[in-house]
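Notes for the one structure printed next.
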Amino acid sequence: MRTILSAFFTFALLAGSSAATAQPGPIKIGAILPLTGSGASYGVWMKGGAEMAAEEINAAGGIAGRKLEVIYEDHAADASKAVNAMRRLVEVEKVPFSLTSYSAPTLAIQPIAVQNKVVIMNGGGQSDNLANKDYLYNNIPVVSNEVGVIADWLAKEKKLASAVLIVANDEAGRNAAKTFRERYGAAGGKVLAEEQVALDATDFRAQLAKVKARGGDLLFISSYGRNVAIIADQARELGITLPMAGTSWILVPEVMKSKGAEGILTTRLPFDPNSAFAKKFKDKYKTDAGFFAVQYYSATMIFAKAAQEAIKKSGGALNGEGVKNAIESIRAFDTISGKLVFQANHGAVMDIEVGTLKGGKVEVEKIIKAAP
Amino acid sequence: MDLFLQLAATGLVVGSLYVLCALGWGLIYGTTLHFHVAHGAVFTLAAYFAYAGQKLLGLPLAVAVIGAIVAAAVSGMLIDLFIYQPLERRGAIRTTLFIASLGLLTLIENLLAIIFTPDPLRMDVGWLADAVQLGPVFLTRLHLVSMTTAILLFLALMVFLKHSRWGQAIRAVSSSPEMARTVGIDLRRVHLLTYAVGSAISAPAGILIAMDVGVEPYRGTTFVLLASVAVIMGGIGSIPGALLGALFLALLENLGVWKIPSEWQSTISFGVFLVFIVVRPRGFFGRKIQSAEI
């Protein structure tokens, strides 16, 4: 029985591989995104951005004459789901490249990427631990840049001297909170209390009541996704009148529309809601584009450029190693939001804006230019 | 002190939802001895019925809520009629029923996730969401409604069981099914009635939490687990015991946060439950649980 089975599998494998080499079909890449769960709003943007890029690439003749096909997988903010998705992409779809998102899922799939020589590009996750990882490129700055900027701004310019923290109990939330403590402390601020909450929780009242009892001048929310709207609403319900602050993570439609989050102080990464891209996105998906739509559009375009280069170099074949070498040799990519230069740590730098959320829009007060 | 009061108030609000879930589950378990974990699915269905009534059919909130409670009661009866009764007729043991119930819970939750997506859906509750300040304590109007609902339904259930003919039949079956059968009570009809009443009592908990923080497909599992813990802590077969057990759990979870970091919430409740089941297995005031009772 065993021999029959193994013979069958060998045959299936051979059949599969010969089919793959015989005719250069489309170039398949993966996209592991938060399509459901608390971060589904990011997923709409990320998937839309990648989709638009793929359509434009294919309309212009594809990559070296081959069509680009993006295979979307859902990680629902769960690292183990991301690992399953990555394994499927690597073993079944045999992709040379995948878009990825969120800190914990990206960190979880990075070893698989190295093992199988598949490049992963993250345009959303911002944990500092994402830097300096083989086969992982981040076309977004790590969060310490943003948290550093807002911690400074809150302590020095807004004169908010003490803070209480609500922290999502995951890689991204804890990492941002750690940086906040360091940078806010260095700027003369004092963190009075910190409460951790589950990212997928919906009732934060006990934790909020606890930080409320500690007083302070500021509530810093180190979390992301639509649950920030619930945290803000419940904080106001509990009579917390402190100013609240967060990073660009919080800028999803649910939060921007929520009553509780009105007036929240936040960073923002450069995004022009009146750009041609934003208009096209809105026409196509009937919803406003956001920063992350541009990010995944750009990441897909960066892949196309790198893949073109890799194919040129190899004379036809395309694999992850080739894509990686191409990214390393090109380094600076033209994107719709300006020139993106991958740093030695495999990350990007961007201008960071700070401002206040008012009537569903961020009123920018200050722009901190990226260090060249 | 303000923090203590706020946490206690939040505990009572959460507790009132646990109470409703535990009353329904405890009534069903105490009467039929079915370890009806699919009660969690009925609780979740109620929330989706209310959501669909308001958002998809455009019914006024009150109509949607009442419709959802009726639909949940019918769902509970259908589960008994088409799943448990046929199994019992074929002589299935309680463990089989439990497995069937668990399967049904998973099936319904996943179907709901496919139909409505796993994302929380929010209902419009208008002025019910407004905050009210009572001294140092902040609650929303909806929270006051939750507490009132729990108290009223608890009292109504007590009166129903003590003073109505059907209630007395349920109590008779609960205390001795054999004896009840001997005096001519139709067990199947009493079971159906118990499912209707038990489901209708727990349905408002699902709906209220949906109105507060959103409708989600998988919340029922947590709630039915907590309800069973509350019922066992309170004493199986005791309605006031279920109330007390549920309030005790909710207060423990919320007041625990006072001195212990909040990520330990569920550890506290299940830790205390373990102590309970070892040290005082009959709960606050109930029958001793037997090893074979599920």
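Just so you know, all these numbers are worked out from the coordinates, no wet-lab data involved. Owing to the predicted nature of the structure, the values given are computational and were not obtained by experimental measurement. Backbone-built Cβ (ideal geometry, glycine too); neighbour counts: all protein chains shown.
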Original post:
Regarding the stretch A:226-323, what is the average projected area of its C-alpha convex hull, in nm²?
Top reply: 8.8 nm²
Subject >> Pair-distance profile P(r), taking every C-alpha pair of the stretch A:79-208, with 10 angstrom steps and integer % >> reply: 13, 35, 28, 17, 7, 1
**OP:** Give me B:176, A:248 ranked fewest to most by other Cβ atoms within 10 Å of their Cβ, as a rough exposure proxy.
**Re:** B:176, A:248
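Provide the percentage of antiparallel DSSP beta bridges, counting only those with both residues in chain A; round to the nearest 5.
Numbers: 16 of 48 bridges.
In chain A, approximately 35 percent of DSSP beta bridges are antiparallel ones.
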Original post:
Could you give the Stokes-Einstein D for the protein assembly as shown in µm² per second, using the C-alpha Kirkwood radius, 25 °C, 0.890 mPa s?
Top reply: 90 µm²/s
Original post:
So what is the relative contact order for the stretch B:2-279, in percent, with contacts set as C-alpha pairs under 8 Å and at least six apart?
Top reply: 40 percent
Subject >> Per-pair calculated FRET efficiency, R0 = 41 Å: residue A:58 and residue B:110 via Cβ, rounded to 0.05 >> reply: 0.70
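Most exposed first by the Cβ proxy, i.e. fewest other Cβ within 10 Å, how do B:95, A:267, A:202 rank? The partial results should precede the final answer.
Working: B:95 11, A:267 26, A:202 17.
Ordered by Cβ neighbours within 10 Å, fewest first: B:95, A:202, A:267.
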Original post:
At 222 nm, what helix-only mean residue ellipticity would the protein assembly as shown give, in deg cm²/dmol to the nearest 500, using -39500 (n - 2.57) for each DSSP H run of four or more?
Top reply: -18500 deg cm²/dmol
Subject >> Which of B:211, B:197, B:173, positive extreme of dipole for the stretch B:171-228 (C-beta unit charges) >> reply: B:173
**OP:** Name the residue, out of B:168, B:133, B:54, whose mean-square fluctuation peaks in a Gaussian network model built on chain B with Cα pairs under 10 Å.
**Re:** B:133
**OP:** Starting from the Cα coordinates of chain A, work out the convex hull volume and express it per residue in Å³.
**Re:** 142 Å³
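Taking the Cα centre of the protein assembly as shown as origin, work out the dipole magnitude from +1 charges on Lys and Arg Cβ and -1 charges on Asp and Glu Cβ, in debye rounded to 20.
On the way: 61 positive and 51 negative charges, 162 e Å.
That gives a dipole near 780 debye.
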Subject >> Straight-distance crosslink candidates among lysines, where the alpha carbon sits under 26 Å from residue A:212 and sequence neighbours closer than 8 are dropped >> reply: A:156, A:158, A:159, A:178, A:190, A:257, A:259, A:358, B:259
**OP:** Please give the helix B:39-51 orientation as an angle from the longest Cα principal axis of chain B, in degrees from 0 to 90, rounded to the nearest 10.
**Re:** 50 degrees
**OP:** Quantify how strongly other chains surround peptide A:199-208 by giving the mean number of their Cβ atoms within 10 Å of each of its Cβ atoms.
**Re:** 6
Subject >> Neighbour-count order for A:217, B:130, A:170, B:212, fewest beta carbons within 10 angstrom listed first >> reply: B:130, A:217, A:170, B:212
Original post:
Share of antiparallel DSSP beta bridges in the stretch A:18-135, in percent to the nearest 5?
Top reply: 5 percent
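What is the packing order of peptides A:42-52, A:81-91, A:96-106, taking the mean over residues of other C-beta atoms within 10 Å and listing the highest first?
Averaged packing, sorted descending, gives the order A:96-106, A:42-52, A:81-91.
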Subject >> Test item: A:234-245 mean partner chain Cβ contacts at 10 Å >> reply: 3
Original post:
If one takes the longest principal axis of the Cα atoms in chain B, at what angle in degrees, from 0 to 90 and to the nearest 10, does the Cα axis of helix B:239-259 lie?
Top reply: 30 degrees
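If contacts are Cα pairs under 8 angstrom and at least 6 residues apart, what is the relative contact order of chain A in percent?
On the way: 747 pairs, mean separation 64.8, N = 372.
For chain A, the relative contact order is 17 percent.
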**OP:** Among DSSP beta bridges whose residues both lie in the protein assembly as shown, state the antiparallel percentage, nearest 5.
**Re:** 40 percent
Original post:
Out of B:83, A:322, A:222, whose Cα points farthest toward the positive end of the dipole of the protein assembly as shown (charges: +1 Lys, Arg; -1 Asp, Glu; placed on Cβ)?
Top reply: B:83
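Over the Cα atoms of the stretch B:1-110, compute the convex hull volume and normalise it per residue, giving Å³. Each step should come with its number before you reach the end.
Values: hull volume 14.9 nm³, N = 110.
Once divided by residue count, the hull of the stretch B:1-110 is 135 Å³.
Using a simple charge model, +1 on the beta-carbon of Lys and Arg, -1 on the beta-carbon of Asp and Glu, nothing else, what dipole does the stretch A:101-161 show about its Cα centre, in debye to the nearest 20?
Working: 5 positive and 5 negative charges, 9 e Å.
The calculated dipole for the stretch A:101-161 is roughly 40 debye.
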Subject >> Label-zone membership for the stretch B:161-198, site residue B:89, 7 angstrom Cα→C-beta point, backbone N under 15 Å >> reply: B:187-189, B:192
**OP:** Could you tell me which chymotrypsin sites (Phe, Trp or Tyr not before Pro) in the stretch B:176-266 are loop residues by DSSP with no more than 16 other beta carbons within 10 angstrom of their beta carbon?
**Re:** B:218
Original post:
How long are the three semi-axes of the equivalent ellipsoid for chain B, computed from the Cα gyration tensor as the root of 5 times each eigenvalue, in whole Å, largest first?
Top reply: 29, 24, 18
Original post:
How many Cβ atoms of partner chains, on average, are near each residue of B:210-217 if near means within 10 Å of its Cβ?
Top reply: 2
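Quick one: dipole size for the stretch A:289-372, taken about the Cα centre, charges +1 on Lys/Arg Cβ and -1 on Asp/Glu Cβ, in debye to the nearest 20.
Details: 10 positive and 8 negative charges, 21 e Å.
With only Lys, Arg, Asp and Glu charged at Cβ, the dipole is about 100 debye.
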